[in-house]
Structure formats: structure tokens, C-alpha cells
Amino acid sequence: MVEIIKTEQQKYGIDRVIPSGSIAKGTSLEMSDFDCVLIINLISPPYKNVLVHFKNILIMKAAEHGIELSKVRLTQFSIQFTLDAEFEVDLLVAGNLVVPEEGLSVAEVQQKAVLDLILRKPEDFYYFSSALCESQVEFMVGQTEFARSLVRLVKYWLKQLNLGPYRSGFKGTLELLAVRAAQVKENQNDSSTFRKAFRCVMWDIMHLSNFKVYFNEGGHFVKKLNSKLCKPRSSYRRIIPEGIRFRDKFVLDPANPFNDLAVDVFEFSPELYPKLCKFANYTYRKMDSFYATTPGVGQADIASFFQQFRNIEF
């Protein structure tokens, strides 16, 4: 699909194509959606005209290339469609802000430029999420396989609840709680480490209303926040913005400290969090009883633990 757009249009200069989302991050479940971002020269948000142009090309040219498209729809930030009646695709666009800078990767230069723009107008931070896709992918790829496995498990756990539609920050919050738990528990390195880390995530969900999650420039969870993290430095990845730092709770996107993912949990999905919290509490208690009565069960037998969750409603 990307090749169709690149071949059939000359209006916009596509600098690079970035696979994003869970597949690129290594945290996908079976049949995950495929996300892809087109980084385009000389465009700035909002991207409606660009998206409409690309959507029209896809609709007109897909059949010529032997590709079946269905359920094509336009959102504020992307073109969503089903490919060959099987694969869900989310195609996003973003502006290219990269000017080569010695010692920095493309992702670092893009991130630095994007955060400079956001700093001038923080209320528009959501327009730039797709422009930070490279840094978002790098953060998760830079975690250990243990952490990515825990993220996958938490996503699988969330699917058991069948909450229906929710904003991306809702799931993103849980993924970052999983990364935090993995970093805290992984060094214990015993046969029950994975189970303890998953149990830690359940505890964190139940106490999220009093929780602050922030990762430093190296992708590590910061246990103790201090005033130095609130002062601008050469890298805006290191700051906690003034409008966020005094909140009782926050979960900051590692690529964009202006994006508090917890807002999607408590403000945009207030009716879902009580269900999530209740399910986490149920899981937490079930883990104690299950492993107490099933000696010798480890990470490989986690599927048997999830058998208990069938047909449960909250």
C-alpha cells in the first residue's frame, strides 16, 4: 500500500517509511493491527489534506494492483482500512523535521525538533504523536525481552476483560506499567520472577490513582522524582512539564513528556477504570490462590492460569 502511494503521487515528498505500533516494538499479539507512518517533507499539522489525498489514491489504485481494500475510513490522524479482508492497517503521516546533527541519530534529531515545537504550544502535543514514532519504537525495542514479554502478557490479560473501544493512551499506560514492573523485578532472577512482575502490574493498576510513572533519557524508570527533572535542559526528554509535574498521578510517554497517558484512563475513560481496577484486584487475589494450590507452575504454564478468566464479566 505504501508503494502505491509513493508511486502514484508526486505532490508530497515522502522522506522515510516507519513501521510503528506493537509489531515494530516487538509486543504484538497474534493478529495485531499493522501501523505505519509516512514521514513527509514540508508538511505540518493538521494533516487532513494529505490524508484525503492519500486515501483517494488508495481507493482508486488498489484494485489495479490486485489489492482488496475494505472498511476504509479517515480519522483526524490516519487512514484506517482492512487489507485483503484480513489485516487491519492504520496508515499515519507526520512531518519530517530532521536536519542532520553530528552525534545524534535520525530519531533523536526528529524528537528534539518535535519537542521544541510542542514546547511553544503544549496544548497541541497530540498533533505530533506520529512524528515521534521512531523514538517510541526505539524505547520499547531498547527494553529487554523479559519486559516485552511482560507487555504482551498484560495486553493479553486486558483482552480477557472485553472493555470495548478505548483510547490508545489507555493501553499505553498498561504497557508502561509492565515495563516499569519488569525493570524493578527482572534482576531478582528466580523461577517466579515473571509471575512476580505480572503481579506487580496488577498492584500498580489498583493504585494508579496515586502513581507517577516517568522514564529517563536512557529508558529507565525513575523511582524518585526531584526538582532537577522539572528544569529545561539541552534535551527536552528530561523534563516534566510545568502543567504536569504537580498532578497527583501521571504516566508520561517516554518519547513525549508532554503526553500524560493517564489522562486517557481517568478523564477520557472514567467508566472503564473501575472495571479495570476490579479485574486487577480479582487477578491479584487469584494468583495467590492459584499458585498456592498449584506448586511448580512457572512462566510456561501461564495459560493454565488464564483459564480461570473465561466468561467473567465486571
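The values are calculated or read from the model by the stated rules, or taken from the named source; none is laboratory data. Note that the structure is a prediction, hence the values are computed from the model and not measured. Positions of Cβ are generated from backbone atoms using ideal geometry, with glycine treated the same way; all protein chains shown enter the neighbour counts.
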Study note, to complete from the structure: Residues of the stretch 59-116 being surrounded by 14 or more Cβ atoms within 10 Å (Cβ to Cβ) and either β-branched (Val, Ile, Thr) or outside the structural domain of Asn49 (by TED's automatic domain parsing) (or both), in sequence order, are Val72, Ile79, Thr82, Val89, Val93, Val98, Val106, Val109, Val114
Exercise for review: Please tell me if Phe146 is part of a helix (DSSP H, G or I), farther than 25 Å from Pro274 by Cβ and more than 14 Å from the chain's Cα centre (by Cα).
Suggested key: yes
Study note, to complete from the structure: Per the list (1) of a type outside the set (Asp, Glu); (2) within 27 Å of Gly172 (Cα to Cα); (3) part of a loop (DSSP other than H, G, I, E, B); (4) over 22 Å from the mean Cα position of the chain (by Cα), residue check on Tyr12 breaks on (2)
Revision key, fill the gap. Residue set Glu101, Glu138, Glu88; condition farther than 19 Å from Pro45 by Cα and part of a strand (DSSP E or B); output residue Glu88
Review point. Among (1) under 30 Å from Val154 (Cβ atoms); (2) surrounded by 13 or more Cβ atoms within 10 Å (Cβ to Cβ), which single condition is Glu30 missing?
Key: (2)
Practice item. Considering every residue within the stretch 28-39, establish whether at least one is touching a Pro at 6+ places or on another chain (Cβ under 6 Å) and closer than 25 Å to Lys171 by Cα. Key: yes
Review point. For the stretch 201-218, how many residues meet the condition of being surrounded by fewer than 17 Cβ atoms within 10 Å (Cβ to Cβ) and either free of Cβ contacts under 8 Å to residues at least 12 places away in the same chain or part of a loop (DSSP other than H, G, I, E, B) (or both)?
Key: 4
**Study point:** Single condition Thr173 does not satisfy, out of (1) outside the structural domain of Val50 (by TED's automatic domain parsing); (2) over 16 Å from Gly21 (Cα atoms); (3) at pLDDT 90 or above
**Key:** (2)
Review point. Ala63 versus (1) without any contact (Cβ under 8 Å) to a residue 60 or more places away in the chain; (2) under 14 Å from Val2 (Cβ atoms): which is the lone unmet condition?
Key: (2)
